[in-house]
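Written out below as structure tokens is the structure these notes cover.
The values are calculated or read from the model by the stated rules, or taken from the named source; none is laboratory data. In this text the structure is predicted, and so the values were computed from the model without any measurement. Cβ: placed from backbone, ideal geometry, glycine included. Neighbour counts: every protein chain shown. With ligands, DNA and RNA removed, areas are computed over all heavy atoms of the protein, side chains included. Shrake-Rupley method; radii C 1.70, N 1.55, O 1.52, S 1.80 Å.
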Amino acid sequence: MEKGITNSRIDALDYIRGFALLGIILVNILALLHTKIPEPNTIDASYQRFLYLFVEGRFYIIFSFLFGVGFYIFITRANAKGKNGFILLLRRLIVLLAFGIIHSMFQPGEALMIYAIYGLITLPFYRVNKLINLTLSIIFIVIFGVMGLKAALTLPLILLGIACGQYRVFENLSQKTKQIAIFTALMSLLSGIGLYIQYHNIPDLPFQNMIIVDEGGLIDQASIFLKLGITVGPIISAFYIGLLLLLLQTRLIQTLLAPLKYYGRMALTNYLGQTAFILLAGNLFHFTANLSYIQTLYLCIVIYVIQIICSLVWLQLFKMGPFEWVWRILTYWKVIPLKNKVNNV
């Protein structure tokens, strides 16, 4: 095994995945339930502003970045075990693409297909020098961010994740408290500046989530606001990650946030499950096109509670989530035991 390569799971990544799941559903539910634009001067209008300042585009970015980190860790550990990491990851991405295609039938804005396609594109970069990967990723994050190209941002974010994996950013975090604190402070400052600029461009009236460009190339106030949100998104996401990592340096916070770790360990299952719960609630209780913005938040909280409890119970009995298990079987082409050894009789 390569020097410095460990097979132990990096808990911090699971905490961050769980945290990202909390934010992603808040935005996805709006489109899935066809939530109407809020009335002006209402709590729904205020909540919409909150979402597009602090949530929209922030958690999707975190997931894209984590996908790149996981990409690097997967290949590295597979190679260290004497397996062909590239072939295994190729299969893994193809299976993810299949999951995404099926999921898109129910959730048109789903992200798995994009991750799989961009993952295939970035596959060769595993062998590229880490400084080159870091430089390219930052350059294109800035370019795509300034241009307001949200979908395109995923590609350099995955590449940034690969670079951070190469630099082993998430290993031995307990020895990097000072670096994490400096990084978080810097991102906090930049995030504050970015949010200040975006906040002062908030449209007077509630808006739809779409950047509209007229024939003359001009965009309205709402579109300016949304575009600025995309531009500052990576910085705010970096602050969220830094702050969470800093908090996780203490045992107390690790214990208090432990449910997030289990939620994140089943990220694929819970991501797909969020869509299932939302659509089920929409059909059973006639929520589709009938919930206000703030009411979607209440439904999300209910889904959080159900999924986190289910994740805690499931992982006491089994090694991984059900969709993670299927994903692994189709990656390695062999059935892997699902039950925890302590539960096998």
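Side notes on the structure shown:
- Whole-number D in µm²/s for the chain (Stokes-Einstein; Kirkwood sum over Cα pairs; 20 °C, 1.002 mPa s): 101
- Across all Cα atoms of segment 62-104, the radius of gyration (one decimal) and Dmax (whole number) stand at 11.7, 36 Å.
- Spatial separation of Cα centroids for segment 107-146 and segment 56-103, in angstrom: 12
- Within the accessible area of the chain (1.4 Å probe), percent carbon and sulfur: 68
- Cα centroid separation, segment 218-232 to segment 271-294: 28 Å.
- Measuring r between the beta carbons of residue 34 and residue 175 and using R0 = 45 Å, the FRET efficiency lands at 0.40.
- Amide H contacts of residue 318 (H built 1.01 Å from N, in plane; Pro and chain starts excluded): 340 sit under 5 Å, all sequence-distant by 5 or more or on other chains.
- DSSP loop GluC sites (Glu not before Pro) with at most 11 other Cβ within 10 Å excluded, longest remaining stretch of the chain: 3-214
- Annotation: extensible slack from residue 9 through residue 309 equals 105.9 nm (criterion: 0.36 nm per residue apart, minus Cα-Cα distance).
- Net charge, residue 232 excluded, C-beta distance under 14 Å - Lys, Arg +1, Asp, Glu -1: +2
- Estimated 222 nm signal from helices in the chain, with DSSP H stretches of n ≥ 4 weighted -39500 (n - 2.57), rounded to 500: -23500 deg cm²/dmol
- Segment residue 208-residue 120, extension gain: residue separation times 0.36 nm, minus the distance between their alpha carbons: 28.4 nm
- Computed label-point distance, nm, for sites residue 280 and residue 333 using a 7 Å Cα→Cβ extension: 3.5
- Segment 194-345 - Kirkwood radius from inverse mean 1/r over Cα pairs (Å): 19.5
- Residue-normalised accessible area of the chain, given per residue in Å² at a 1.4 Å probe: 50
- Cα convex hull volume per residue for segment 64-163 (Å³): 79
- Positive end of the dipole of segment 2-117 (Cβ unit charges, origin at the Cα centre): among 64, 78, 98, the Cα lying farthest that way belongs to 78.
- Binning all Cα-Cα separations of segment 1-100 at 10 Å, short to long from zero, yields these whole-percent fractions: 13, 31, 27, 16, 9, 3, 0.
- Unit charges at the beta carbon, dipole of the chain: most positive-side option, 24, 35, 122: 122
- Among complete DSSP H helices in the chain, those whose alpha-carbon atoms stretch at least 30 Å along the helix's long axis and whose mean Kyte-Doolittle hydropathy reaches 0.5 are 11-32, 59-80, 177-199, 221-247, 293-317.
- Two-site FRET efficiency, residue 106 against residue 131, from Cβ-Cβ distance with R₀ of 35 Å, rounded to 0.05: 0.25
- Shape call, segment 156-215: gyration tensor on alpha carbons, a/c limit 1.5: oblate
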